[in-house]
Structure formats: structure tokens, C-alpha cells
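Remarks on the structure that follows.
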Amino acid sequence: MFIINYKLKTALIIATYNWPKALELVLLSVLNQSVFPDEIIIADDGSTPETKQLVQNYFQKFKPKTQHIWQEDNGFQKTCILNKAVAASTSDYIIQIDGDILLHKHFIKDHISNAKQGTFIHASRVFLNKKITNEAITNKFYNFSFFKIGISNRFNIIRSHLLSTILSTINYNLKGTRGCNFSFWKHNFIDVNGYDEDMKGWGKEDTELSVRLMNTRIKKYKLKCLAICYHLYHNSSSRKGLNMNNIILAETISTKKISCINGINKYAKRK
């Protein structure tokens, strides 16, 4: 039996940058949720006013508390905007996605029902190809069947409590530690000082954060067959800066680092 903790105050944080058509589809999938978060926060890494207008239009449709946290476009600074968004949240539990992730209608419900103290969650995603992505954006469509042509990671589209019980595990494998389908307790995030803002550019920031959480004996729960989401196709992000991020990750692993220096402490303090 799966019980929803309705007393748990939850925030959904959506990281975005200059793709308002995709963000609109994401927000439509949020409106379709069977269980709503208490807060919806857009973590905007410097998008143009078109995104701001879209967010303002859609926020009128939401009953939960909403915030649009924006910072000036100064290159890829996802770690910084996510720290700001978490600091601005008043919730106990954070569910984090990217602005190209469409949600199954029970996505929020599944994260809440699997939230346990002492753990954080990484779940899976389904990939949409370029053709189906364009169709989805044009037709504002965000529900996909197992047999839909144009998807990969097809197994991840199956939602089953039974299979989830069998396949979901506590593990310390760093593969698949991505922030596009990720949830955690805010106090655990602050204890490790959040994302390391020395990590600039695309890649490894979610993995490095996960390592520090695990170094504090917080367990990673790899959730399967629940919290389903669909990843819109887009061209690969620039890998500029990835080498430095890999160096920071390697140091965190080798030294069993718990807290970074350049983190969320600039915006939020430990209680």
C-alpha cells in the first residue's frame, strides 16, 4: 500500500534557459498532476523576456505558491540558479527537473510517496526523438504510450508499483545521477552546502552533489517504474568547462568531501 504524506511541504523546481516553447509544455504537464506541489519555482539562468512573459501567464493558472527566480545571462551557471531557487523555497522537500522534462500525471505523487528521511531520489526518463518532440511542442501534447514510435529507453515508460518495489534499490553507482528527475530534503542539501558553484558549464554538477550527500551517509534511492518523465530532444549542450568539472568531481570522490566552499551558504544558512 502506498501512502501519500500530504503534510510534507514540497517544492517543484524547474531549471530553464531560453526555450519557452518547451517550458510551456512542461508547465502544461505540471497543471495535469494528480497531486500538486506546494510551491513551483522557475530557476531561470538568464532567459530573455519571452520566458518571463510565459511564466507570468502560466502562473495565473496555478494554485500553489509560484516564484520566478532569474539571474543575468553570464554563461552556463546552473549551479548558481539552482542554489538560489532552493534557498528561496519554504518547503521541506525539493523535486527538481529541467525545463525540457515533461511529467507523467503521477510524477509529483510518486516522488512524495517515496520520500524518506535519510535518502534522496534519482529516477529515470524516457527519451523523445526530434520528430516526436516537434510534434509534441506543436500540438501541446505531453502523454505518450509504451508503443509510441519515436521514444527510447522504452522500459522507463512503464509505471508499476509492483515492478518498482522489485527494481528500485539503494545504490551508490554514480551512473544516472542527473538533476532532471531528482528529489531531496532541503536540510540535507543545505548541510552539504548545495551545488558547488565552482562548477561552471554543462555536466557533473548533479553527480558531484550526489557524492557529497552520500559522503554524509544519505542514501541514494534509484527509483524505477515510478516518477515517469519524458525528455524532449535538443542538440547537445556545449562541453566547455567539463574538464574542470571532472577534476572537481574526482577530488570530491578521492577526499570524501562533504561540503563545498562556494555553495548555497551565500543565500541560505543552516538552521
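The values are calculated or read from the model by the stated rules, or taken from the named source; none is laboratory data. The structure presented is a predicted model; accordingly, all values stated were derived computationally and were not measured. Here the Cβ is made from the backbone with ideal geometry for all residues, glycine too, and neighbour counts use every protein chain on show.
Residue count for region 30-44 satisfying the condition of being assigned to a helix (DSSP H, G or I), in contact (Cβ under 8 Å) with a residue 40 or more places away in the chain and over 16 Å from the mean Cα position of the chain (by Cα): 0. The residue that is surrounded by the most Cβ atoms within 10 Å (Cβ to Cβ), among those in region 161-185 that are out of contact with any Phe, Trp or Tyr (no Cβ under 7 Å at 6 or more places or on another chain) and touching a residue at least 60 places away in the same chain (Cβ under 8 Å), is N181.
Applying the condition of being of a type in the set (A, V, I, L, M, F, W, C) and modelled with pLDDT under 95 to region 137-146 and asking which residue is surrounded by the fewest Cβ atoms within 10 Å (Cβ to Cβ) yields F146. When region 208-246 is filtered for residues that are in a helix (DSSP H, G or I), among the hydrophobic types (A, V, I, L, M, F, W, C) and modelled with pLDDT of 95 or more, the ones remaining, listed by number, are L209, V211, L213, M214. Scan region 130-137 and give yes if some residue there is in contact with a Lys or Arg (Cβ under 8 Å, 6 or more places away or on another chain) and within 27 Å of P20 (Cα to Cα), otherwise no. Within region 130-137 (the criterion being in contact with a Lys or Arg (Cβ under 8 Å, 6 or more places away or on another chain) and within 27 Å of P20 (Cα to Cα)), the answer is yes, since at least one residue qualifies.
For the structure I just gave you, tell me whether S183 is touching a strand residue (DSSP E or B) at 6+ places or on another chain (Cβ under 7 Å), modelled with pLDDT of 95 or more, in a helix (DSSP H, G or I) and closer than 25 Å to D92 by Cβ. No. Restricting attention to region 90-123, which residues are part of a loop (DSSP other than H, G, I, E, B) and either in contact with a Phe, Trp or Tyr (Cβ under 7 Å, 6 or more places away or on another chain) or of a type outside the set (K, R) (or both)? T90, S91, D92, G99, D100, H104, H106, N114, A115, Q117, G118 - these are the residues of region 90-123 that are part of a loop (DSSP other than H, G, I, E, B) and either in contact with a Phe, Trp or Tyr (Cβ under 7 Å, 6 or more places away or on another chain) or of a type outside the set (K, R) (or both). Quick one: what pairs do we get from region 53-81, first residue touching a residue at least 12 places away in the same chain (Cβ under 8 Å) and loosely packed, with under 11 Cβ neighbours inside 10 Å, second small (G, A, S) and assigned to a loop (DSSP other than H, G, I, E, B), C-beta under 7 Å, 6+ apart or different chains? Pairs found: E72/G46; N74/G46. Among the candidates I149, I158, single out the residue that is surrounded by fewer than 20 Cβ atoms within 10 Å (Cβ to Cβ) and free of Cβ contacts under 8 Å to residues at least 40 places away in the same chain. Criteria check complete, one pass: I149.
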